1. Pick out, from the range 1-60, the helices (runs of 4 or more DSSP H) lying fully within it that include 2 or more residues that are free of Cβ contacts under 8 Å to residues at least 12 places away in the same chain and either more than 14 Å from the chain's Cα centre (by Cα) or over 25 Å from SER213 (Cβ atoms) (or both).
2. Kindly indicate the residue of the range 173-220 that is more than 17 Å from the chain's Cα centre (by Cα) and among the charged types (D, E, K, R) and also nearest to GLY109 (Cα to Cα) among those meeting that condition.
3. For the range 1-44, enumerate the residues that are in contact with a Leu (Cβ under 7 Å, 6 or more places away or on another chain) and small (Gly, Ala, Ser).
4. Consider only pairs whose beta carbons are under 6 Å apart and that are at least six residues apart or on different chains; among these, list those whose first residue lies in the range 101-123 and is more than 13 Å from VAL84 (Cα to Cα) and whose second residue is part of a loop (DSSP other than H, G, I, E, B).
5. For VAL94, are the conditions met, namely being more than 18 Å from LEU118 (Cβ to Cβ), touching a residue at least 24 places away in the same chain (Cβ under 8 Å) and not hydroxyl-bearing (Ser, Thr, Tyr)?
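Here, each number is a calculation from the coordinates, and none is a lab measurement. Just so you know, these numbers come straight off a predicted model, no measurement behind them. Glycine also receives a Cβ, built like all others from the backbone with ideal geometry; neighbour counts cover every protein chain displayed.
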Amino acid sequence: MLLASGILVVGAYLLGSFPYMLLLGKARGIDLSQEPDSHQALWSKVGRLEGLSGVLVDMLKGVIPIAVGFLLNFDLATIAAAGVAALTGQMWPVFEKFDGEKGNTTGAGMILTSTMFLTATTSPLAYWVFILTIIPALTGFFIRTIPRFTAPGQTIDERLKLGGPASNSLPLGMLIGFAVSPLASWLLNQPVEMTIAFLATFILIVLRRLTASLGADLKEPRASTRSILLNRFLYDRSYL
């Protein structure tokens, strides 16, 4: 069983590391590694179908290890470790010199799948953890998207691009959602293994926000280091 647990966790990390969006971008002649937001670049520069597939694949990176763990009756500690490993792989992928994505979509997939399986098996209230997690994230998304989508003078094609300036509300909503998940899990008396996994998810997402390409920003800073780190923590970028 120890060997099987190791295979699940390592496999989850490798799955998280799989550079689907970069490979898809390269197949269409676009280097997404040079883009500040791979998801948005894939959507706007490659195509909406490809952009949706990028979101789906990143979410599945968090869904599949958890689902496999529950379906094969692994213990909760191993399942939780596999979910965190998938998230780690998406952020620090071995196939891309340990410089990957921000982990939001994979983390959401991991929390969704964990809470749904727990709800269906041993913990009927677990689904509330996901609901409380997703509310701030969706609020941030709609604050960002609705004004852009409803702005006058746009064609349908322009409305569906969903681009524009960087958002403050969406990264802040995601941060609050991931912070809520371990707190909600603890308050609802969910299994400690999953509460720890959700806490680890929040910590890893904050760590990735603070450190992704930080060296480049600090070489020629346009603000104090304190401001840069605060902006990264709240808004997932160095400058507003």
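1. Numbers: elements: 2-17, 20-27, 38-41.
Ranges flagged: 2-17, 20-27.
2. GLU193
3. Result: GLY16, GLY25, SER33, SER38, ALA41.
4. THR115/ALA126; LEU118/ALA126; THR119/ALA126; SER123/GLN190
5. Values: more than 18 Å from LEU118 (Cβ to Cβ): yes; touching a residue at least 24 places away in the same chain (Cβ under 8 Å): yes; not hydroxyl-bearing (Ser, Thr, Tyr): yes.
It is true that VAL94 is more than 18 Å from LEU118 (Cβ to Cβ), touching a residue at least 24 places away in the same chain (Cβ under 8 Å) and not hydroxyl-bearing (Ser, Thr, Tyr).
Quick grid of which residues meet (1) among the basic types (Lys, Arg); (2) out of contact with any helix residue (DSSP H, G or I) (no Cβ under 6 Å at 6 or more places or on another chain); (3) under 27 Å from GLY47 (Cα atoms); (4) crowded, with 22+ Cβ neighbours inside 10 Å:
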{"position": "GLY173", "(1), (2), (3), (4)": "no, no, yes, yes"}
{"position": "ILE176", "(1), (2), (3), (4)": "no, no, no, no"}
{"position": "LEU183", "(1), (2), (3), (4)": "no, yes, no, no"}
{"position": "TRP186", "(1), (2), (3), (4)": "no, no, no, no"}
{"position": "GLN190", "(1), (2), (3), (4)": "no, yes, no, yes"}
{"position": "ALA200", "(1), (2), (3), (4)": "no, no, no, no"}
{"position": "LEU207", "(1), (2), (3), (4)": "no, yes, no, no"}
{"position": "THR211", "(1), (2), (3), (4)": "no, yes, no, no"}
